[in-house]
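Asker: What follows is a single structure, and I will ask about it in a moment.
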Amino acid sequence: MSFIKSISGFRGTIGGRPGDNLTPQDIVSSAAAFGQWVLNTTGNPKIVIGRDARISGEIVSALVSNTLRSLGISIVDLGLSTTPTVEIAVPLENAGGGIILTASHNPKEWNALKLLNHKGEFISAADGKLVLEIADTGAIEYASVDNLGSYRTDDSYIKKHIQMVLDLPIVDKAAIQAKNYTIVVDAVNSTGALSVPPLLEALGCKVIVINGEINGEFAHNPEPLRENLNDLSKQVVRQKAQMGIAVDPDVDRLVFMCEDGELFGEEYTLVVVADYVLSKKVGNTVSNLSSSRALHDVTVKRGGEYFASAVGEVHVVEKMKAVNAVIGGEGNGGIIYPELHYGRDSLVGIALFLSHLANAGKQISTFRRMYPEYRMAKNKIQQSPDIQLDKIFETLSHKYRNERINREDGLKIDFEDGWVHLRPSNTEPIIRIYSESASEVVANNLAKKIMQDIQEMRN
C-alpha cells in the first residue's frame, strides 16, 4: 500500500491509514493544497475535473469537488472522461486549473489527482513544489458560507474533443473512410469505451469493442503491454480485423495490434505518427530518454532534428516548446501534437496513425516493417531503504566512464550496441530499467548486466 506525493500530483492506493495511503483525509488535504495554489497564482476560482472509471472514482471525485467548493472554487465536472479531454476543457472553460482523477496504468486499487495549470497542461516542477509546500504547511484558507463555490456537470467534452481531432487539416478523413477498416478496441473497462469507438466510427471504421463495460473492474492489468493484451490479439485474428487498438484507463497511452495478432510495438506508435507529421511539415521532434532511437532515425531522415528530455509529460512538453517541435511524446504510446494541445492524446494519435496507414495502402504488419528495427527490454526492481540511488548512479557512472553518460534523469548509459536507462518511477515505488538494441538478446543482456551491478552493490 502506498501514498506518493510528488511534483506531478498525489497518487496512492485506496484504503488503509492516513498518510500511508490515499485515504479521504489525504484526498481532502491534497485537493485543498492544489485549490489554494490555483487561487494564489491565478486568482481564478474555477477548476475543471474529470475521472476515469475506477471503482473509487465517484467517491474521490465527490471529496475533491466539495473540498474545492469549500475554498470558494466553482467546479465544472466532466464526469467520466479522459485525461486529454480534461486538458482540452480547461482553457475552453477559462478555468484556473484542472484535476484528472486517474492512476493511469496502475491497477484498480490505485487512484490519483493529476494536476493541470490554466493552460490545461501538467503543472511544472516549480509549481508542484509550491503545491507540496502548501500541503505540508497547511496554509489554506476556506471560504465563508456565503462564498462557497458552485458546481455543474458537463458531459459534452468528449464529443467536442473528437470533433476537434476530426477538424485538424492533417487528419485525412477521406483516405481512412475509403479503407473501411474493421478495428477491435480493448477499452479496459474504462473511458476508452466512451471516446475511441465514436472517433473510429466518425472515420468510417467498423468497431468491435472488448472489455467495454465501464465499471473499473479492469479485465486485465491495465497497462497496455503485450502480456496484458492476449484477448485483444485473439479477437483481432478471430474477427479478421485489420488491426486492434488498446488504450490505458485514462486514454493517454495508445498501442496498435497487427492483423496477425502481433503487437505493432508501443514504442512505434510515436515513431509512425511523427513520420506522418514530418512528411507534411519538416521540424523537430522530442521524446524522453527512455524512448526508442527509432524516432531519432525517422526525424533525421525527414530532415528534422531530434531532442531528448527527462521522463514525464511535463518535461517533454517543456522541451518541445523550447525547440519548437512539431510532434513529440513518450515511447509508452503517448502522442503530443501541439496543433491540438500540449498533452498526450490517444484520440489524435489514432487519427494521425490511421491517416498515415491509409495513405500508405499497406497492411499494418507490412507497414511496421518500413521502420527501423530496435528491441527494447523493460525491467523494474522494487525500491527499498537499502537502495541508495545516488550512490548507485555514481558508482555505475564511474564503472562505465568510457561510455556516453547522461545524468539528466537518473542515469543513461549509451553503449556501442545499445543503451540502458535507469531511474526512479514518478508513479510507483520502483526503479525502472529500460534497455534497447537492434538485438533483443543484447537489449536483455545490457539490462541484466546493470541489474547484476546493482545487486552486487547491495550485497
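Please treat every number below as a calculation from the coordinates, not as lab data. Computed from a predicted structure; not experimentally measured. Here the Cβ positions follow ideal geometry from the backbone for every residue, glycine too, while neighbour counts run over all protein chains shown.
Asker: Apply the Karplus parameterisation 6.51 cos²θ - 1.76 cosθ + 1.60, with θ equal to phi minus 60°, to every residue of segment 450-458 and state each ³J(HN,Hα) to the nearest whole Hz, in sequence, with x for glycine and proline.
Answerer: 5, 5, 5, 4, 5, 5, 5, 5, 7
Asker: A further question follows. Stretch ALA139-THR395 to full length: gain in nm at 0.36 nm per residue minus the Cα-Cα span? Don't skip to the answer; put the middle values down first.
Answerer: Details: separation 256, 0.36 × 256 = 92.16 nm, distance 4.09 nm.
Taking ALA139 through THR395 to full extension adds about 88.1 nm, to one decimal.
Asker: Give me the compactness ratio for the chain, meaning the Cα radius of gyration over 2.2 N^0.38 Å. Before the final figure, lay out the partial values.
Answerer: Numbers: Rg = 21.7 Å, N = 459, 2.2 N^0.38 = 22.6 Å.
Working it through for the chain, the quotient is 0.96.
Asker: On to the next question. Can you list which of the GluC sites (Glu not before Pro) found in segment 317-364 are DSSP loop residues with at most 11 other C-beta atoms within 10 Å? Walk me through the intermediate numbers first.
Answerer: Numbers: sites: GLU318, GLU330, GLU339; in loops: GLU339.
Listed in order of number, the matching sites amount to none.
Asker: Would you compute, for the Cα atoms of segment 401-447, the largest minus smallest coordinate along each principal axis and list the three values in descending order, in whole Å?
Answerer: In descending order, the Cα extents are 30, 23, 12 Å.
Asker: Taking a ≥ b ≥ c as the square roots of the Cα gyration tensor eigenvalues, with a/c under 1.5 meaning rounded and otherwise prolate when a/b beats b/c, else oblate, which class fits segment 3-155?
Answerer: Values: a/c = 1.33, a/b = 1.13, b/c = 1.18.
In terms of gyration-tensor shape, rounded.
Asker: Fewest Cβ neighbours within 10 Å first, please rank LYS179, LYS5 accordingly. Write down the numbers at each step before the final one.
Answerer: On the way: LYS179 16, LYS5 19.
With the fewest neighbours first, LYS179, LYS5 line up as LYS179, LYS5.
Asker: What percent antiparallel are the DSSP beta bridges of the chain, to the nearest 5? Intermediate results must be reported in sequence, preceding the final value.
Answerer: Numbers: 44 of 76 bridges.
Bridges in the chain are about 60 percent antiparallel.
Asker: Please list, by residue number, every one of the trypsin sites (Lys or Arg not before Pro) in segment 330-383 that is coil in DSSP and has at most 16 other beta-carbon atoms within 10 Å. Please list the in-between numbers first.
Answerer: Details: sites: ARG344, LYS362, ARG368, ARG369, ARG375, LYS378, LYS380; in loops: ARG344, LYS362, ARG369.
Answer by residue number: LYS362, ARG369.
Asker: Can you give the Rg to Rh ratio for segment 266-368, taking only C-alpha atoms and Rh from Kirkwood?
Answerer: 0.93
Asker: Same structure again: For the chain, what does the helix formula give at 222 nm: sum of -39500 (n - 2.57) over DSSP H segments with n ≥ 4, over the residue count, nearest 500 deg cm²/dmol?
Answerer: Using -39500 (n - 2.57) per qualifying helix, the result is -12000 deg cm²/dmol.
Asker: How large is ³J(HN,Hα), in whole Hz, for each residue of segment 211-226 in order, when computed from phi with the Karplus curve 6.51 cos²θ - 1.76 cosθ + 1.60 and θ = phi - 60°, using x for Gly and Pro?
Answerer: Using θ = phi - 60°, the values come out as 6, x, 6, 8, 10, x, 8, 3, 5, 8, 3, x, 6, x, 9, 3 Hz.
Asker: Now a separate question. Work out the P(r) tail for segment 161-257: percent of alpha carbon pairs separated by more than 24 Å, whole number. Working shown, then result.
Answerer: Values: 855 of 4656 pairs.
Looking at segment 161-257, the distances longer than 24 Å represent 18 percent of pairs.
Asker: Which percent of Cα pairs goes in each bin when the distances of segment 375-458 are cut into 10 angstrom slices starting at zero?
Answerer: P(r) for segment 375-458, in whole percents per bin: 19, 55, 25, 1.
Asker: Then there is this: Let me see the pair-distance distribution of segment 80-212: every alpha carbon pair, 5 Å bin width, integer percents in order.
Answerer: 2, 8, 13, 16, 18, 15, 11, 7, 4, 3, 2, 1
Asker: Each residue of segment 143-150 in turn: what ³J(HN,Hα) in whole Hz from Karplus with 6.51, -1.76, 1.60 and θ = phi - 60°, glycine and Pro shown as x?
Answerer: 7, 6, 4, 7, 10, 5, x, 8
Asker: Continuing with the same structure: Restricting to DSSP loop positions (anything but H, G, I, E, B) with no more than 10 other Cβ atoms inside 10 Å of their own Cβ, which GluC sites (Glu not before Pro) remain in segment 395-459? Intermediate results must be reported in sequence, preceding the final value.
Answerer: Details: sites: GLU403, GLU408, GLU416, GLU436, GLU440, GLU456; in loops: GLU403, GLU408, GLU416.
When the GluC sites (Glu not before Pro) of segment 395-459 are filtered for loop state and at most 10 Cβ neighbours within 10 Å, GLU416 remain.
Asker: Size of segment 16-74 along its principal axes in angstrom, Cα-based, largest extent first?
Answerer: 35, 24, 15
Asker: Take segment 141-188, drop everything but the C-alpha atoms, weight them equally and run the Debye formula without solvent; then report log10 I(q)/I(0) at 0.25, 0.27, 0.31, 0.32 Å⁻¹ to two decimals.
Answerer: Result of the Debye calculation: -1.05, -1.07, -1.10, -1.10.
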